[in-house]
Amino acid sequence: MKARRFLWCVGTIRALVESWVLGTFLITGPLLVGEQIPANALGQSFLFLGLVCALWCALRLRVPAGRGRARLLREGAAALGLTLTLGGGLPALAFIVGWGDRFARSNLGVVGAVLVLGAGGMIFAALRIGVWLWHAWNRLRRRRMLWALTHAHLTVVVMLALLMATLGGFQIISTMEDLPGRFPSPDWASAFVDLLARTIFPLVGIVAILLIVLLAILLPPSAIFSYIVARRTTRRLESLAAAATALRWGDLSARVPVEGEDEVAQLQTDFNAMAAYLERATGEIQAERDKVVTLLQSRRDLIANVSHELRTPVATLRGYLESILKDKGVAPVGLRPDLEVMANEVERLQGLIDDLFTLARAEVDGLVLNVRPTDIGSLVRERVEAMAPLAWQSDRVELVAEVPPDLPPALADPERLEQVLINLLRNGVRHTPPGGIAAALVAAEAEHVRIEVRDTGAGIPPAELDHIWERFYRGAEARVKDHRGAGLGLALVKELVEAMGGAVAVESAPGEGSTFTVRFPAAAAG
Ligand code: ADP
């Protein structure tokens, strides 16, 4: 973490200023003792200084972001800036301080020394290429394990090469005789420069050359070797990753060949076992699901067929009963009340069978609808007029309609809408105590036509409100007091209205009656 905070984290200006400060600090030494030390030692120290400053700047300057060309331009600007800072800034400072003549004393001469210092910019550029390559390599090894392993192997090789080069460097230095001669005055400065010129500079140079030669010899075969070794491990992991991806996307037959006996092999075995289990379990679930789907389908078919078969005999029965009741002389007077009860029950049965049949058909092959612009107002009025006498007769509930004039037509299937109205009005009447009122109110909205069926009945408890649209659901009170329903009415209302493109809603509270609302799109809006 610390290294990260030091490396590649400052902007161009700051990197240049830092390099300049470092250069100023470093150049003070050679210039201080510039009078006493040999000319070639002075020259060497300028070269060394340029190198150190370039290295500092290359390690501190942030790797620029953005497009390739913009980055190159920035790097180029930094290199130029460093050339000017080192080649221009440092000598200028020395001349200002009065040490200019020491430049002339070096074996490079003033121009040579300035050029050698300025070459720091070139060295910086070369180092930055290395930095870019290093970053690219890092990205690569972060993404692929193959390169991470190769990197680890090569690091060991580089370390070994460095060790060998250093040892070799010391060896060579110790055998060299003809290094630059001793300096005249044996003070500390001369001793230091002597150490630099006779030992450190040559040593660094020799180690660098040896290192380059060793790396050139060792690196290519090691890289190939590392790649081959790493490839063997990563190939197995890659095939495992590919199989896991295939499994994730639904290919349950994905398996990997098990190679070897190590941890990766264990992982491969476990993966295969897991995939086999998943395949088996999914197969079983699918088979179960197919069975349930088939069962549900045959149940729906059965309901649809039975309700269809029941319709004709029940209609015939009702027809006979009605004609017997219509003709006063046919039925004996004592039997009349029984026949009336029978007629009522048969009518109720017919309604139930119709609802059941419609719901079952909707499930089996979808509802066949004939949605067209419909005069909802007239339909509501007719239905209410037809049902009102019976509502009064059987439940003592007044059934009324309120339809405004100039109602726009709405999109609905008239036959289905009638079924909806019958169910809502019948519920309103059934759940309202004698003396109450049930009303159908029609109104136009911006884009819809709304029908509200209100009653002054018992209302619906909040806990039941969420369930009343479910099939075969009946409220607690209805289950106890009213045996006339089967819990299909509202389910059918919802199914039909939504199939016609409308929406249903209910508002109700115990003791405050209920309001059922259905909306259909106005024909113009649709
Ligand atoms: P059914 O009326 O045959 O019981 P529905 O599906 O028509 O079946 O209604 C479901 C339940 O909703 C009823 O059992 C009743 O509890 C409640 N409900 C429906 N309409 C009303 C209403 N107008 N007032 C009070 N409760 C109602």
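The values are calculated or read from the model by the stated rules, or taken from the named source; none is laboratory data. Quick caveat, the model's predicted, so the values are computed rather than measured. Cβ atoms come from the backbone with ideal geometry, glycine included; neighbour counts cover every protein chain shown. With ligands, DNA and RNA removed, areas are computed over all heavy atoms of the protein, side chains included. Shrake-Rupley method; radii C 1.70, N 1.55, O 1.52, S 1.80 Å.
Assorted remarks:
- Restricted to segment 373-385, and to residues there that are out of contact with any helix residue (DSSP H, G or I) (no Cβ under 8 Å at 6 or more places or on another chain) and open to solvent by less than 60 Å² (accessible area, probe 1.4 Å), the residue that is nearest to Arg454 (Cα to Cα) is Gly377.
- Candidates Arg474, Arg454: the one that is more than 8 Å from the ligand (Cβ to nearest atom) and either open to solvent by less than 60 Å² (accessible area, probe 1.4 Å) or assigned to a strand (DSSP E or B) (or both) is Arg454.
- Only listed residue being at pLDDT below 95, of a type in the set (Lys, Arg) and within 13 Å of the ligand (Cβ to nearest atom), chosen from Arg396, Arg426, Arg361, Arg372: Arg426
- Extreme residue, surrounded by the fewest Cβ atoms within 10 Å (Cβ to Cβ), among residues of segment 61-75 that are touching a residue at least 24 places away in the same chain (Cβ under 8 Å) and assigned to a helix (DSSP H, G or I): Arg74
- For Phe520: the one exception among (1) in contact with a Gly (Cβ under 7 Å, 6 or more places away or on another chain); (2) among the hydrophobic types (A, V, I, L, M, F, W, C); (3) near the ligand (Cβ under 7 Å from one of its atoms): (3)
- Residue pairs meeting the criteria (Cβ under 6 Å; at least 6 apart or on separate chains; first over 26 Å from Pro409 (Cβ atoms), in segment 484-508; second at pLDDT 90 or above and more than 8 Å from the ligand (Cβ to nearest atom)): Glu507/Thr515
- Residue list for segment 341-355, restricted to those being farther than 14 Å from Glu309 by Cβ, aliphatic (A, V, I, L, M) and buried (at least 17 other Cβ atoms within 10 Å of the Cβ): Ala343, Val346, Leu352
- Ala41 more than 20 Å from Leu127 (Cβ to Cβ), assigned to a helix (DSSP H, G or I) and in contact with a helix residue (DSSP H, G or I) (Cβ under 9 Å, 6 or more places away or on another chain): yes
- Filter result for Ala331 (surrounded by 14 or more Cβ atoms within 10 Å (Cβ to Cβ) and outside any helix (DSSP H, G or I)): yes
- For Ala463, the conditions (1) open to solvent by 70 Å² or more (accessible area, probe 1.4 Å); (2) within 12 Å of the ligand (Cβ to nearest atom); (3) within 20 Å of Ala522 (Cβ to Cβ); (4) aliphatic (A, V, I, L, M) all hold with the exception of (3).
- Of the criteria (1) part of a helix (DSSP H, G or I); (2) buried (at least 20 other Cβ atoms within 10 Å of the Cβ), which one Trp392 fails: (2)
- Boolean, Leu441 is within 20 Å of Ala391 (Cα to Cα), more than 11 Å from the ligand (Cβ to nearest atom) and crowded, with 16+ Cβ neighbours inside 10 Å: yes
- Test for Val449: is it crowded, with 18+ Cβ neighbours inside 10 Å and either over 42 Å from the mean Cα position of the chain (by Cα) or not assigned by TED's automatic domain parsing to the domain that holds Asp355 (or both): yes
- Test: residue in segment 204-219 that is modelled with pLDDT of 70 or more, under 15 Å from Asn40 (Cβ atoms), of a type outside the set (S, T, N, Q) and open to solvent by less than 70 Å² (accessible area, probe 1.4 Å): yes
- Leu425 meets the conditions (1) open to solvent by 60 Å² or more (accessible area, probe 1.4 Å); (2) within 21 Å of Lys481 (Cβ to Cβ) in every case but one. The failed one is (1).
- All positions within segment 486-513 that are within 8 Å of the ligand (Cβ to nearest atom) and either within 18 Å of Glu418 (Cα to Cα) or touching a His at 6+ places or on another chain (Cβ under 8 Å) (or both): Leu488, Gly489, Leu490, Ala491, Leu492, Val493
- Contact map, segment 295-308: residues that are of a type in the set (Val, Ile, Thr) paired with residues that are surrounded by 12 or more Cβ atoms within 10 Å (Cβ to Cβ), Cβ distance under 6 Å, separation 6+ or inter-chain. Pairs shown: Ile303/Ala360.
Matching residues to (1) loosely packed, with under 13 Cβ neighbours inside 10 Å; (2) in contact (Cβ under 8 Å) with a residue 60 or more places away in the chain; (3) under 52 Å from the mean Cα position of the chain (by Cα):
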site	(1), (2), (3)
Leu86	no, yes, yes
Leu93	no, yes, no
Gly98	yes, no, no
Ala104	no, no, no
Asn107	no, yes, no
Gly112	no, yes, no
Gly120	no, yes, yes
Thr150	no, yes, yes
His153	no, yes, yes
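- Filter result (of a type in the set (D, E, K, R) and not in a helix (DSSP H, G or I)) within segment 258-315: Glu259, Glu261, Asp262
- You will find that of Arg198, Arg236, the residue that is modelled with pLDDT under 95 and touching an Asp or Glu at 6+ places or on another chain (Cβ under 9 Å) is Arg236 and no other.
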